[in-house]
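Peer 1: What follows is a structure written as structure tokens; I'll ask about it next.
The values are calculated or read from the model by the stated rules, or taken from the named source; none is laboratory data. These figures come from a predicted structure and were not determined experimentally. All Cβ positions, glycine included, derive from the backbone under ideal geometry; neighbour counts span all protein chains shown.
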Amino acid sequence: MPQEWEEHEIKELMEKYTAVTIPVKVSLDAQQQVLDTGSVEKMLSTAEMISLMDCYCRKKLKNCDKPLEVCIGLNKEAEYFIEKEGAKEISLEDALNVLKRSHKAGLVHLAYYRKGEDCDIICSCCSCCCHHLSGLKRFGFNEAVVKSDFVAVFEKSVCNDCGLCIERCQFGAWEFDEDDVVFNIDHCFGCGLCVSSCPAGAVSLVKR
């Protein structure tokens, strides 16, 4: 039986952090819009220090076999992780490669902000282990847990109903209705996993 975060644990974390999805650009053959990595590159390139360590959530709950070494700390948080948690210092190039690899593995990139402060953690999350994503799906916290600047656009006429978007989505925005793929925009948080996996180019991302 999968381990789960208790509601009170998630609420305690919500008092400290707000998470924002960051789509990361990947190379695609399909003719579809893929957003620039400008926002995450800006965060990382202006950081005085970048650290990398295992994802606390997946290490604790062990509900999946997704990559562990994906938790990126910035500045003071990076110093803390290196000193107290055994993290290692990495370069900007290494950090971007971590994000690309974890995107390929089907993880959602979340930038975590403390109340009133700049982003200090960027992690690659799954809905079966991550406190914020699992809380969103189990308790419907939605905007209180994860915010997004983007949303997917679905061109049904182009879709070949392969179902890869359903497999990749961590938010449950895609599902089969008999043999047809259907999209629930209310469950979309603009992570871009469906965009990079769609072989038909039926999905793109736009600003909300």
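Peer 1: Quick one: which strands (runs of 3 or more DSSP E) sit completely within the range 83-196 and have at least 3 residues that are more than 17 Å from the chain's Cα centre (by Cα)? Give the steps one after another, and end with the answer.
Peer 2: Numbers: elements: 108-114, 119-125, 150-154, 174-177, 180-183.
Correct list: 174-177, 180-183.
Peer 1: Oh, and also: Mind checking which residues of the range 167-194 are of a type in the set (A, V, I, L, M) and either touching a helix residue (DSSP H, G or I) at 6+ places or on another chain (Cβ under 9 Å) or more than 25 Å from Gly140 (Cα to Cα) (or both)? Quick ask: steps written out before the conclusion?
Peer 2: Here is the first cut: in the range 167-194, the residues of a type in the set (A, V, I, L, M) are 173, 181-182, 185, 193.
Within the range 167-194, Ala173, Val181, Leu193 qualify.
Peer 1: List the pairs whose first member sits in the range 5-19 and is closer than 11 Å to Gly135 by Cβ, whose second member is part of a strand (DSSP E or B), and whose Cβ atoms are under 6 Å apart, counting only residues at least 6 apart or on separate chains?
Peer 2: Sorted first by the residue in the range 5-19, then by its partner, the pairs are Ala19/Leu110; Ala19/Tyr112; Ala19/Val146.
Peer 1: Taking the range 162-186 as the region of interest, how many residues are over 22 Å from His109 (Cβ atoms) and crowded, with 16+ Cβ neighbours inside 10 Å? Quick ask: steps written out before the conclusion?
Peer 2: Of the residues in the range 162-186, the ones over 22 Å from His109 (Cβ atoms) are 162-163, 175-182.
Keeping just the survivors that are crowded, with 16+ Cβ neighbours inside 10 Å gives 181.
Within the range 162-186, residues that are over 22 Å from His109 (Cβ atoms) and crowded, with 16+ Cβ neighbours inside 10 Å number 1.
Peer 1: If the requirement is being closer than 19 Å to Tyr112 by Cβ and among the hydroxyl-bearing types (Ser, Thr, Tyr), which of these qualifies: Ser157, Ser134? It would help to see each step written out before you state the result.
Peer 2: Values: Ser157 fails: closer than 19 Å to Tyr112 by Cβ.
Matching residue, one of Ser157, Ser134: Ser134.
Peer 1: Considering each of Ala152, Ala111, Ala87 in turn, give the residue that is modelled with pLDDT of 95 or more, crowded, with 18+ Cβ neighbours inside 10 Å and small (Gly, Ala, Ser). Show your work before the answer.
Peer 2: Numbers: Ala152 fails: modelled with pLDDT of 95 or more; Ala111 fails: modelled with pLDDT of 95 or more.
The unique qualifying residue is Ala87.
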